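J.: Please find one structure pasted underneath; my questions will follow.
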Amino acid sequence: MRDGAVTPGSVRFRPPWWAWLVTLILLAVMVRLGFWQLDRAEQKRDLQRDFATAAAAPPEALAVPAPPADDAPAHVRVRGHYLAAPQFLLDNQIREREPGLRVWTPLRRAGGGIILVDRGWIPDPGRDRRPDVGVDGRERTVSGLWRPFPQAGLAVGNALCDSEASPERVQYPAHDELRCRFDGRLASGLLLLDPQAPDGFLREWAPDHLEPEVHLGYAVQWFGFAAALLVIFVVVNWK
């Protein structure tokens, strides 16, 4: 036999049964996660289309009492007057690498009840300074997108019921944390003030979710992991 020649039976591919089992399970999980991320990307594209459609539609009167906001955006209008306090500053809102705050101001409705209005983004003046977010209390009609309160990836507690500060920095507060400041009369939703409306700040509204491209990137990663696992399985067991 010449050097380097391969004799019959010298090359074989016979992985043990447990290697087949583990590999197939991991492959199934990775591929499933990849397709799940593709599905999430499509859902986010649908939400972006719904968001743009709602923003372009004429606003309709918000029911009294206000229904809880859900993921389906709705363009609504509300009659009432702003309250000077308490106001809230949603902390850690980065825009183009600049730290900032989103200003939430309560509005007492003419038909009863209170809603929070997100008046937009302002630069963060620093922890030792309070920004000027005052607004007059004349009666007006405001319009915007009726949305759920934004949520953080991890739950962060806010001790709002024991505080009287205004404006007060908050970290993604839940409805139950906020309504104790209004004797429970606060509606479960947030009005994103229309960009052209007065008494607001910088407003560039978008769904509070990851972009579809991020989910596509995750899908590529999972499919890549699956391909790498398959190559490793073949190389390790090719003798």
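J.: Scanning for something under 28 Å from R185 (Cα atoms) and part of a loop (DSSP other than H, G, I, E, B), does the stretch 13-26 turn up at least one residue?
T.: No; the residues of the stretch 13-26 include none that is under 28 Å from R185 (Cα atoms) and part of a loop (DSSP other than H, G, I, E, B).
J.: Just checking, how many residues over the stretch 188-239 are in a loop (DSSP other than H, G, I, E, B) and either more than 30 Å from Y82 (Cβ to Cβ) or aromatic (F, W, Y) (or both)?
T.: Going through the stretch 188-239 one residue at a time, the tally reaches 5.
J.: While we're here: Is it the case that F201 is among the aromatic types (F, W, Y), surrounded by 16 or more Cβ atoms within 10 Å (Cβ to Cβ) and within 22 Å of the chain's Cα centre (by Cα)?
T.: Spelling it out, F201 is indeed among the aromatic types (F, W, Y), surrounded by 16 or more Cβ atoms within 10 Å (Cβ to Cβ) and within 22 Å of the chain's Cα centre (by Cα).
Here is a yes/no grid of residues against (1) over 16 Å from the mean Cα position of the chain (by Cα); (2) closer than 20 Å to E139 by Cβ:
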residue	(1), (2)
R40	no, no
R45	no, no
A74	yes, no
L83	yes, yes
P99	yes, no
A110	yes, yes
L116	yes, yes
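J.: Right, something else. Looking only at the stretch 187-238, count how many residues are among the aromatic types (F, W, Y) and either free of Cβ contacts under 8 Å to residues at least 40 places away in the same chain or more than 30 Å from G100 (Cβ to Cβ) (or both).
T.: The total comes to 5.
J.: Give Q43, Q87, Q48 a once-over and let me know the one that is in contact with a strand residue (DSSP E or B) (Cβ under 9 Å, 6 or more places away or on another chain) and polar (S, T, N, Q).
T.: Result of the check over Q43, Q87, Q48: Q87.
J.: Now a separate question. Just give me the residues in the stretch 47-57 being open to solvent by less than 70 Å² (accessible area, probe 1.4 Å) and over 18 Å from the mean Cα position of the chain (by Cα), in sequence order.
T.: A57
J.: When W222 is evaluated against the numbered criteria (1) farther than 18 Å from I115 by Cβ; (2) open to solvent by 50 Å² or more (accessible area, probe 1.4 Å); (3) at pLDDT below 95, which criterion, by number, is the only one it fails?
T.: Result: W222 fails condition (3) only.
J.: Which one of these does F35 not meet: (1) in contact with a helix residue (DSSP H, G or I) (Cβ under 9 Å, 6 or more places away or on another chain); (2) modelled with pLDDT under 95; (3) open to solvent by 60 Å² or more (accessible area, probe 1.4 Å)?
T.: So the condition that F35 fails would be (2).
J.: How do the strands (runs of 3 or more DSSP E) wholly within the stretch 58-143 filter down when requiring 1 or more residues that are hydrophobic (A, V, I, L, M, F, W, C) and open to solvent by 20 Å² or more (accessible area, probe 1.4 Å): which remain?
T.: 74-82, 114-123
J.: Is there any pair linking a residue in the stretch 112-135 that is under 19 Å from S188 (Cα atoms) to one that is surrounded by fewer than 19 Cβ atoms within 10 Å (Cβ to Cβ) and acidic (D, E), with Cβ under 8 Å and at least six apart or on different chains, and which?
T.: Cβ pairs passing all conditions: R119/D199.
J.: Being among the aliphatic types (A, V, I, L, M) and either open to solvent by 50 Å² or more (accessible area, probe 1.4 Å) or in contact with a helix residue (DSSP H, G or I) (Cβ under 9 Å, 6 or more places away or on another chain) (or both) narrows it down to one of A187, A228, A152, so name that one.
T.: Step by step, each of A187, A228, A152 is checked, and only A187 is among the aliphatic types (A, V, I, L, M) and either open to solvent by 50 Å² or more (accessible area, probe 1.4 Å) or in contact with a helix residue (DSSP H, G or I) (Cβ under 9 Å, 6 or more places away or on another chain) (or both).
J.: Given A74, A57, which one is closer than 28 Å to E177 by Cβ and either in contact with a His (Cβ under 9 Å, 6 or more places away or on another chain) or of a type outside the set (V, I, T) (or both)?
T.: It is A74.
J.: Still on this structure: Kindly check whether there is at least one residue in the stretch 8-31 that is closer than 24 Å to E204 by Cβ, in contact (Cβ under 8 Å) with a residue 12 or more places away in the chain and either surrounded by 13 or more Cβ atoms within 10 Å (Cβ to Cβ) or acidic (D, E) (or both).
T.: no
The values are calculated or read from the model by the stated rules, or taken from the named source; none is laboratory data. Only a predicted model underlies this, so the values are computations on that prediction, with no experimental measurement involved. Positions of Cβ are generated from backbone atoms using ideal geometry, with glycine treated the same way; all protein chains shown enter the neighbour counts. For the accessible areas, the whole protein counts, side chains as well, though only heavy atoms, and no ligand, DNA or RNA atoms are used. Shrake-Rupley method; radii C 1.70, N 1.55, O 1.52, S 1.80 Å.
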